[in-house]
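Student: Before we start, here is the structure in question, set down as C-alpha cells.
The values are calculated or read from the model by the stated rules, or taken from the named source; none is laboratory data. Computed from a predicted structure; not experimentally measured. Cβ placement follows ideal geometry from the backbone for every residue including glycine, while neighbour counts extend to all protein chains displayed. Side chains included, ligands, DNA and RNA excluded: accessible areas come from the protein's heavy atoms. Shrake-Rupley method; radii C 1.70, N 1.55, O 1.52, S 1.80 Å.
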Amino acid sequence: MSAGLYAQIEGDNIFGENQIITIELNFSQTNYLDLLAQNYETETYMEADLILTDNTGTYEFDEVGVRYKGNSSYGHPGNKKSFKIDFNKYVSAQNYDGLKKLNFSNGYKDPSVIREKVFFDVSREAGVPAPRASFANVYFNGELLGFYTVIEQIDDQFLDWRILDDDGNLFKAGANFGGGPGGGGNAADLAYYGDDQADYEEKYELKSNEEENDWTDLIEFIDFVNNSSSQELEEELANHIELQEYMRSAALDNLFANFDSYTGSARNYYIYHNLT
C-alpha cells in the first residue's frame, strides 16, 4: 500500500523534523539473517512486511524489499548490519510519503551514531546538495536490532526537491575498494580510459535515464578534465562544473574526513548533469 500522505517536500514525514521513527520488519523465513548475508554480494532483495511509525502515525506495507548494504560498515561484528528498504521492489508504485527507498546506517566505528547526520545537516546548511537524515529503532521479527541513522536515497525524488530537475543523467561512483583518485582497481577516479562506454561501466553506475543508457556526457567531461591544457582547464572548467559548489563540497569532505567521496576513496559520490 501507499500511505498517501504528502508533505510540502516528499519525505518530510520522516525527515522534516528531528525524531526517532520505528521500523518493524517481519520476514517469513526463520533463517532470514543467513539469507540476507548470502544475498549481500549480489545485492539481492528479500521480501518482508513493514510497520513504520513516525510522528504522523503508524503505517503497514506488504512485501517491501530488504537487503544488506555498505562496505566497511558490513564488517560490524554483530547482526546490526547496514541495510536498504525498497518499497516498490515487489509492489508496483508502493511508497511512503513519496519515498521509494530508505537507507539505514549502523554507525559502525561511530559510537555516537550522529556523525553522518551532523555532516549532512552542515552540508545542506552550506548549500551543498546532501541527503536528509533521521534516526530509527529497528526491529527484525520482533527483536530490537539496534539504533540506526536513516538516510535519504539519492534518486529522482531527491533531485526534484533539491535541484528542481530530474531529467538529467545521474551517475554514481561504484562502491569499489580500488583506492582513491589515481588509484588502481575499479576506483571512479575520473581518469580517462578512452571513449568506449564499456571501460567505465565497472567504475560508475547510471542511476537515471537507464533506457537511453548514454554516457557520452560523462566521458566528455572526464576527457576534458584529463586532456585539456592547463590554460584550457583554468579558463573553461567553470563551464563544465558548478565550480564554487564543488569546491565547497570538497572542503566539507575534507573537514569531516568523508572517505566515501571523490577526494577520499573515489567511491559512493554522485555526478549529475542537468540536460536542460
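Student: For segment 132-156, enumerate the residues that are surrounded by 18 or more Cβ atoms within 10 Å (Cβ to Cβ) and within 12 Å of the chain's Cα centre (by Cα).
Tutor: Those that are surrounded by 18 or more Cβ atoms within 10 Å (Cβ to Cβ) and within 12 Å of the chain's Cα centre (by Cα): Arg132, Ala133, Val150, Ile151, Glu152, Gln153, Ile154.
Student: Can I ask one more? Output yes when any residue across segment 254-274 is over 22 Å from Ser73 (Cβ atoms) and more than 23 Å from the chain's Cα centre (by Cα), and no when none is.
Tutor: Taking segment 254-274 first, the residues over 22 Å from Ser73 (Cβ atoms) are 271-274.
From what is left, the residues that are more than 23 Å from the chain's Cα centre (by Cα) are none.
No, segment 254-274 has no match at all.
Student: Could you give every pair whose Cβ atoms fall below 8 Å, whose first residue belongs to segment 185-196 and is more than 13 Å from Thr216 (Cα to Cα) and touching a residue at least 40 places away in the same chain (Cβ under 8 Å), and whose second residue is β-branched (Val, Ile, Thr) and not in a loop (DSSP other than H, G, I, E, B), counting only separations of at least 6 or pairs across chains?
Tutor: Leu190/Ile222; Leu190/Val225
Student: Also: Residues of segment 185-218 being under 14 Å from Ile271 (Cα atoms) and more than 22 Å from the chain's Cα centre (by Cα), which ones?
Tutor: Selection gives Thr216 alone.
Student: Then there is this: Could you please give the count of residues in segment 6-30 that are over 17 Å from Phe120 (Cβ atoms) and not in a loop (DSSP other than H, G, I, E, B)?
Tutor: Matching residues across segment 6-30 total 6.
Student: Conditions first: (1) over 21 Å from Phe158 (Cβ atoms); (2) surrounded by 14 or more Cβ atoms within 10 Å (Cβ to Cβ); (3) modelled with pLDDT under 95. Glu41 passes all but one, so which condition is the exception?
Tutor: Going through (1) over 21 Å from Phe158 (Cβ atoms); (2) surrounded by 14 or more Cβ atoms within 10 Å (Cβ to Cβ); (3) modelled with pLDDT under 95 one by one, Glu41 breaks only (2).
Student: Same structure, new question: Restricting attention to segment 178-197, and to residues there that are modelled with pLDDT of 95 or more and not hydroxyl-bearing (Ser, Thr, Tyr), which single residue is nearest to Asp166 (Cα to Cα)?
Tutor: Gln197
Student: Where residues in segment 111-131 are touching a Ser or Thr at 6+ places or on another chain (Cβ under 8 Å) and open to solvent by less than 40 Å² (accessible area, probe 1.4 Å), which of them is nearest to Gly57 (Cα to Cα)?
Tutor: Of everything passing the filter in segment 111-131, Lys117 is nearest to Gly57 (Cα to Cα).
Student: Let me ask another. Conditions: (1) small (Gly, Ala, Ser); (2) over 17 Å from Lys100 (Cα atoms); (3) modelled with pLDDT under 95. Ala7 meets all but one. Number of the miss?
Tutor: Only one criterion is unmet by Ala7, namely (2).
Student: Of all residues in segment 82-110, which are open to solvent by 30 Å² or more (accessible area, probe 1.4 Å) and under 12 Å from Thr149 (Cα atoms)?
Tutor: Of everything in segment 82-110, just one residue is open to solvent by 30 Å² or more (accessible area, probe 1.4 Å) and under 12 Å from Thr149 (Cα atoms), namely Tyr108.
Student: Considering only residues that are open to solvent by 50 Å² or more (accessible area, probe 1.4 Å) and touching a strand residue (DSSP E or B) at 6+ places or on another chain (Cβ under 6 Å), look in segment 59-78 and name the one that is farthest from Gly98 (Cα to Cα).
Tutor: Lys69
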